[in-house]
Amino acid sequence: MTNARGQGSGFIIDPSGIAVTNNHVVTGSAFLQVYVEGEDRPRNAKILGVSECSDLAVIDIEGDGFPVLPWRDEPVNVGLDVYAAGFPFFANEEFTLTRGVVSKARADGETNWASIDHVLEVDATVNPGNSGGPLVDMNGRVVGVNYAGNDQTSQYFSIARSEALPVIEQLRAGQDVNSLGINGEAVTDGSSIFGIWVSSVKSGSPADKAGIKPGDLLVKLEGLVLATDGTMADYCDILRSHNMTDTMAIEVWRFSDGTILTGRVNGERLEVVGTLN
C-alpha cells in the first residue's frame, strides 16, 4: 500500500475490496494505491473512515472478487502461535511472514501516536512497512492488526480483534471515530514543551476546517495540556468523551512563524493570540 507520504500493509475483509490498515499509514495522503498479492500493477483505493486513537483505517480498493482473511473467533491465549504478515520494505517486494507466539494476551496500548485499550504483545517481528498488516494464527485467521514494535526489546504489538472489530464496523460505514483528522504524535521535552505534533491533516476534516496545519503543535484541547506523559492518552480520552460534531477549544503553537493560535474545532477557526518566546 503506497501513498504520497509513505507505505504500509493491510488486509482485505470483504470480496468487494474493503480492507483494514492503520490510520498512520493513510491519513494525510494525497492519493492511495494498493498492491494486491499476485498482481504487478497497483489499484486505486479510497479511505472510508479512520480512527486516530485506535490507529485503524478502512479503505475501499478498486475492483471486486478479492480473496478475504477471516477473523479468529476463539480466545487468544499466551503461547498461541502467530504470524505477522505484510510487505515489509517496498511495495514490489515479496509478501512475508514472521513467526512467533503471543507473549501477553492483554498489554498496554498507550503509545505516542495511539491510545488503545486492548493489544496483544507478540515476539513475531513487525518489520518496517508491516504496519496495518494482519496478525494471523496457523489457520490464517486474523487475531489482530499489527501497529507497533520495538526491535531493541523484541516486543511487537497488534490491536486485538475484540478492540478492532467494533471500530472497523463504524469505519466501513463511512464514519471517522475518535478523530479530528490528523496524523499526530505526542511529544515533550520533559519540562516546557508538551503537545501533539501534527505531521499531516486529512482534507475536509474538523482539524482542516479549524485551520490546523502540518507542523503545528496542538498543546491544549478543551483547556487540558496534552501529552504531559508522552502519550496520546489525554487527547484520546477527551475525544472519546465527545461526539465528533461537538465544539472543542484548541490551542496551537505554530513554529513556522512563531505564533500561538486559539480557536474551536467545529467552531471558530484558529486566530493568532500571541507569539512564542
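Derivation of every value follows stated rules applied to the coordinates shown; laboratory data play no part. Source: prediction; values computed, not measured.
What whole number of Å gives the distance from the Cα centroid of the stretch 156-222 to the Cα centroid of the stretch 39-100?
21 Å
In Å, what is the Rg of the alpha-carbon atoms in the stretch 25-178, and how long is Dmax?
Gyration radius and largest Cα-Cα distance of the stretch 25-178: 14.9, 41 Å.
Can you list the aspartates and glutamates whose alpha carbon sits under 19 Å from that of K46, skipping same-chain ones fewer than 8 residues off?
By straight Cα distance, K46 reaches D14, E37, D55, D60, E62, D64, E169, D176, D208.
Just to be sure I understand: if I project the alpha-carbon convex hull of the stretch 61-142 onto a plane and average over all orientations, what area do I get in nm²? Mind dumping the intermediate values first?
Details: hull surface 26.9 nm².
So the mean shadow area of the Cα hull is 6.7 nm².
Once amide H atoms are placed 1.01 Å from N in the peptide plane, what residues at a sequence separation of 5 or more from A227, or on another chain, have their amide H within under 5 Å of its amide H?
D234, Y235
Over the chain, with a Gaussian network built from C-alpha contacts below 10 Å, which listed residue (E52, E185, E94) shows the highest mean-square fluctuation?
E94
If you take all C-alpha pairs in the stretch 6-106, what percent of them are over 21 Å apart? The partial results should precede the final answer.
On the way: 2048 of 5050 pairs.
Distances greater than 21 Å cover 41 percent of the Cα pairs.
Need one number: the % of Cα-Cα pairs in the chain sitting beyond the 33 Å mark. Mind showing how you got there, number by number?
Values: 8104 of 38226 pairs.
Value for the chain (Cα pairs over 33 Å): 21 percent.
List the residues whose amide H sits under 5 Å from the amide H of I250, counting only those 5 or more places along or on another chain, with H placed 1.01 Å from N in the peptide plane.
E222, G263, R264, V265
Given springs between every Cα pair under 10 Å in a Gaussian network model of the chain, which of L165, L226, L218 has the largest fluctuation?
Sorting by GNM fluctuation, first place goes to L165.
Just check the stretch 2-65 against the gyration tensor rule for me: Cα atoms, a ≥ b ≥ c as the square roots of the eigenvalues, rounded for a/c under 1.5, and otherwise prolate or oblate depending on whether a/b exceeds b/c. Mind showing how you got there, number by number?
Values: a/c = 1.92, a/b = 1.32, b/c = 1.45.
The shape class here is oblate.
Quick one: if you take sqrt(5λ) for each eigenvalue of the C-alpha gyration tensor of the stretch 187-277, what semi-axes come out, biggest first, whole angstrom? Display every interim value, and only then the final one.
On the way: eigenvalues 68, 56, 27 Å².
Equivalent ellipsoid semi-axes, largest first: 18, 17, 12 Å.
Which lysines have a Cα lying under 21 Å from the Cα of K213, excluding residues fewer than 8 positions away in the same chain?
Straight-distance partners of K213: K202.
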